[in-house]
Amino acid sequence: MMPTDVNPLVCHSPRVTVIGAGKVGSTLAQRIAEKNLADVVLLDVVQGMPQGLALDLLEAKGISLHDRRISGTTDYADTANSDVVVITAGIPRKPGMSRDDLMKTNAKIVVEAAKKAIAQSPQAILIVVTNPLDVMTYLAWQATDLPRDRIMGMAGVLDSARFQAFIAMELGVSVMDVQTMVLGSHGDLMVPVARYATVAGVPITELMDAQAIDRLVARTRNGGAEIVELMQTGSAYFAPAASTCLMVESILLNQSRLLPVAAYLQGEYGLEDIFIGVPCSLSCGGIGKVWELKLTDTELAALHTSAAAVRQNVNRAKEMLESN
């Protein structure tokens, strides 16, 4: 019998809140639980949807062989004390719609979600997935005043994964042997760096000609739009969810993976006061370090062009929010 003056052991499981129970959010919740990374709270404004999805995921626990807690809610109070908060909420892209077309509606959604979530979990690490990604991450940072190591956007992991897949398909090799690095904004001006793309350590510049590389770079830049055009009534969600899960895993398991994420820059690459995709190490504290790669003049110019477009859109988004 336990003595009355001894407190029983209290175990605290990691907790991740996913805001937005659409296809990206619900698939992410499934991946986090099935990889046994954390308990998951799925939040959405549509009453019944997050609760139903959570129940569905709970009923699969015996088959998926994990015992993580999964709950659905419309109340931010239920997300309290989360270690990581992921914002996927917002309207999706439709055929013919650019990421920038999403800006006005999604800016309001992301700002409100970020404020409410961080009010409940002030020590959480915040990952923004909603498009236009780089702009939404900046607005969430402004709304929450989080230190730069605890807020980031998911884009570079996804864009690099697409580049990785296309290279493997082109060469007929295992995707597991391909490593890639895509910098810049999550859009048409992203910067896939061919020099840092390798197959089993061999640069792709030695394995294919410049024309093939240019074609794969163009397809990577158009990766999201290609899927939207094919699906007609939706956008990508398997690869975005998998990419976000990789970031969550590196943080919760303190892996210090070197991953391209939208991070706040303070002079790195000659850029200030902007969120844009650059390689960072992700650990239990969030962004442990922003790594400065040695870029050629052409690559650096492309990164600055990408950043200029992001900055322009951030200013537009601020004006939209202020006018309402």
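The values are calculated or read from the model by the stated rules, or taken from the named source; none is laboratory data. Here the structure is a predicted model, which is why all the values come from computation and not from measurement. So basically every Cβ, Gly included, is an ideal-geometry build from the backbone, and we count neighbours across all protein chains shown.
Brief remarks on what is shown
- In this structure, G270 does not qualify as outside the structural domain of V85 (by TED's automatic domain parsing), exposed (fewer than 14 other Cβ atoms within 10 Å of the Cβ) and farther than 16 Å from L183 by Cβ.
- Flag if A60 is buried (at least 20 other Cβ atoms within 10 Å of the Cβ) and farther than 21 Å from M154 by Cβ: no
- Subset of segment 174-192 (residues that are acidic (D, E) and farther than 18 Å from D214 by Cβ): D177
- Pair list, Cβ < 8 Å and 6+ apart or interchain, from segment 270-288 residues that are touching a residue at least 60 places away in the same chain (Cβ under 8 Å) to residues that are part of a strand (DSSP E or B) and among the hydroxyl-bearing types (S, T, Y): I274/Y264; F275/Y264; I287/S281; G288/S281
- Considering segment 11-35, the residues that are among the charged types (D, E, K, R) and outside any helix (DSSP H, G or I) include one that is farthest from K115 (Cα to Cα), namely K35.
Okay, residues lined up against (1) farther than 30 Å from R215 by Cα; (2) surrounded by fewer than 21 Cβ atoms within 10 Å (Cβ to Cβ):
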| residue | (1), (2) |
| --- | --- |
| A113 | yes, no |
| A119 | yes, yes |
| L126 | yes, no |
| T130 | no, no |
| Y138 | yes, no |
| D145 | yes, yes |
| S160 | no, no |
| A168 | no, yes |
| G172 | no, yes |
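Conditions tested, residue by residue: (1) basic (K, R); (2) at pLDDT 95 or above.
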position	(1), (2)
T4	no, no
N7	no, no
C11	no, no
A21	no, yes
T27	no, yes
R31	yes, yes
N36	no, yes
Q47	no, yes
Q51	no, yes
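- Unmet criterion (only one of (1) buried (at least 16 other Cβ atoms within 10 Å of the Cβ); (2) out of contact with any helix residue (DSSP H, G or I) (no Cβ under 6 Å at 6 or more places or on another chain); (3) farther than 23 Å from G22 by Cβ) for A225: (3)
Yes/no per residue for (1) within 30 Å of A114 (Cα to Cα); (2) in a helix (DSSP H, G or I):
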position: L146; (1), (2): yes, no
position: D149; (1), (2): yes, yes
position: A168; (1), (2): no, yes
position: D188; (1), (2): yes, no
position: I213; (1), (2): no, yes
position: L230; (1), (2): no, yes
position: G234; (1), (2): yes, no
position: A239; (1), (2): yes, yes
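- Test: residue in segment 241-258 that is buried (at least 22 other Cβ atoms within 10 Å of the Cβ), modelled with pLDDT of 95 or more and in contact with a Phe, Trp or Tyr (Cβ under 7 Å, 6 or more places away or on another chain): no
- Within segment 95-106, not a single residue is modelled with pLDDT of 95 or more, in the same structural domain as A29 (by TED's automatic domain parsing), of a type in the set (S, T, N, Q) and surrounded by fewer than 18 Cβ atoms within 10 Å (Cβ to Cβ).
- Looking across A161, A225, one residue alone is closer than 21 Å to S281 by Cα and in a helix (DSSP H, G or I). It is A161.
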